[in-house]
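Reviewing the structure listed below.
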Amino acid sequence: MALTLAHLSDVHLGPLPKSAVWKDFSPKRIVGALSWKLNRCDLHDPAIATAVVEDIKAMAPDHVAFTGDLLNISALAEFQRAARWMEKFGEPAWISFVPGNHDAYVPVTWQQGLAHFAPFMTSDRAAAPANPSPFIASTFPYVRLRRNLAMIGLNSAAPQSLTKAAGTLGPVQLDALANVLRDLKAKGYYRAVMIHHPPLPGLAPSRKALSDAANLREVLWNEGAEVVLHGHNHREMLTILAGREGNIPVVGVPSASANGKGHYGPAAWNLYEITRIQGKWATRVSIRSWDPESREIVSKNQFMLPS
Ligand SMILES: [Fe+2]
Ligand SMILES: [Fe+2]
């Protein structure tokens, strides 16, 4: 029987809560709020994100991967509202979340900030936090095992300067990832790596890129992964990394709330159907996309991932 996995990203839940900017003042939040008012609020529609969630629920996948940017300016009221949104979405054991740059937009203490999503970032394996920080108390990479599926969650989100949307993993998290990938391969798991930022060099402009993408590429090349899921670029992406022992498909999804008016195209989510045929993994991807005309989620495309 196939394992099924849904992937969505970049909900950018709006509108901005009233007075969030002034109540939680920081220059970076002002920049983010202006960007929202002048641009993003015309492109992201929470009703579309709800339609995506309902479509995922109707398909009832075994697990859900959510690769970050649930928020916009990391205002305290946004965390509280987003926690309620996640609660309505589904059980924490069913959804794995990794933070995006908009979820760590400015320094916010763990308790006021990302602790709201902690139940969706738990690890099935006890380990010391690989990247101790005042903003993050969860362990990364976390590992969640569901039948033969291993979800491996990375945290690339860290507060950035005014004009940057970059990310970083750091050597400790990268070393831990290498060990996790090696161990899970030996145990025969399908390894789905989750990261907000595009994981390879050249997939995002430097202002918005993962600073240690070359190091991550080396880890992936050496240890392999059956798929790497990311968001951040708000567009459909498929890149194949030719690894030491086989291809590593790297797949990005559009924003789950995009109405299609921008130059990135409308919202979509991907359904993965994973089977094992004669000792090899086979992965079928179905792209489910928002149709602005019918205002429904429709099947857009299906293909097999190269393995
Ligand atoms: Fe985003
Ligand atoms: Fe992002």
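The values are calculated or read from the model by the stated rules, or taken from the named source; none is laboratory data. None of these values were measured; they are calculated from a predicted model. Reconstructed Cβ throughout: ideal geometry from the backbone, glycine too, with neighbour counts over all protein chains shown. Heavy atoms of the whole protein, side chains included, go into the accessibility calculation; ligands, DNA and RNA do not. Shrake-Rupley method; radii C 1.70, N 1.55, O 1.52, S 1.80 Å.
Tell me the per residue accessible area of region 1-144 using a 1.4 Å probe; a whole number in Å² is fine.
Per-residue accessible area for region 1-144 comes out at 41 Å².
Please state the charge dipole magnitude for region 137-290, taken about the Cα centre, from unit charges on C-beta atoms (+1 on K and R, -1 on D and E), reported in debye and rounded to the nearest 20.
340
Give me the percent of the accessible area of the chain that comes from carbon and sulfur atoms, probe 1.4 Å, all protein chains in place.
That fraction is 55 percent.
Sketch the reach of a paramagnetic label on Cys41 as a point 7 Å from Cα along Cα-to-Cβ, and name the residues of region 73-89 whose backbone nitrogen lies under 16 Å away.
What the label zone holds, given the 16 Å backbone N cut-off, is 73-75, 78.
Using the Cα centre as the reference, give the magnitude of the dipole from point charges on the C-beta atoms of the chain (Lys, Arg: +1; Asp, Glu: -1; all else neutral), rounded to the nearest 20 debye.
Roughly 180 debye for the chain.
Taking the chain as a Gaussian network, Cα atoms linked when under 10 Å apart, which of Ser294, Ser19, Ser156 shows the biggest mean-square fluctuation?
Top of the fluctuation ranking is Ser294.
Using θ = phi - 60° and the Karplus relation 6.51 cos²θ - 1.76 cosθ + 1.60, list the HN-Hα couplings for region 94-105 in order, rounded to whole Hz, with x at every Gly or Pro.
Calculated HN-Hα couplings, in order: 9, 10, 10, 10, 10, x, x, 4, 6, 8, 9, 5 Hz.
Would you compute the Debye intensity of the chain from its alpha-carbon atoms alone, equal scatterers and no solvent, and pass along log10 I(q)/I(0) at q = 0.09, 0.13 Å⁻¹ to two decimals?
-0.39, -0.86
Select from Pro15, Pro159, Pro27 the residue whose mean-square fluctuation is largest in a Gaussian network model of the chain (Cα-Cα springs shorter than 10 Å).
Maximum fluctuation in the GNM of the chain, among the listed residues, is at Pro27.
Subtracting the Cα-Cα distance from 0.36 nm times the residue separation, let me have the gained length for Leu162 to Arg147 in nm, one decimal.
Details: separation 15, 0.36 × 15 = 5.40 nm, distance 4.28 nm.
Between Leu162 and Arg147, full extension yields an extra 1.1 nm.
For region 194-256, with every protein chain kept in place, what is the accessible area per residue (1.4 Å probe, Å²)?
Result: 36 Å² per residue.
Give the calculated FRET efficiency between Gln111 and Thr50 to the nearest 0.05, with a Förster radius of 30 Å applied to their Cβ-Cβ distance.
Efficiency at R0 = 30 Å is approximately 0.60.
Full extension from Leu34 to Ile277: what is 0.36 nm times the residue separation minus their Cα-Cα distance, to one decimal in nm? Walk me through the numbers before you get to the answer.
Working: separation 243, 0.36 × 243 = 87.48 nm, distance 5.11 nm.
Residue separation times 0.36 nm, minus the Cα-Cα distance, leaves 82.4 nm.
Given the options Pro92, Pro17, Pro198, which has the most mean-square fluctuation in a GNM of the chain, springs set between C-alpha atoms less than 10 angstrom apart?
Pro17
From Cα pairs below 8 angstrom and at least 6 apart in sequence, can you work out the relative contact order of the chain, rounded to a whole percent?
The value is 19 percent.
Which one, Tyr189, Thr109, Leu70, projects farthest toward the positive side of the charge dipole computed for the chain from Cβ point charges (K/R +1, D/E -1)?
Toward the positive end, the furthest listed residue is Thr109.
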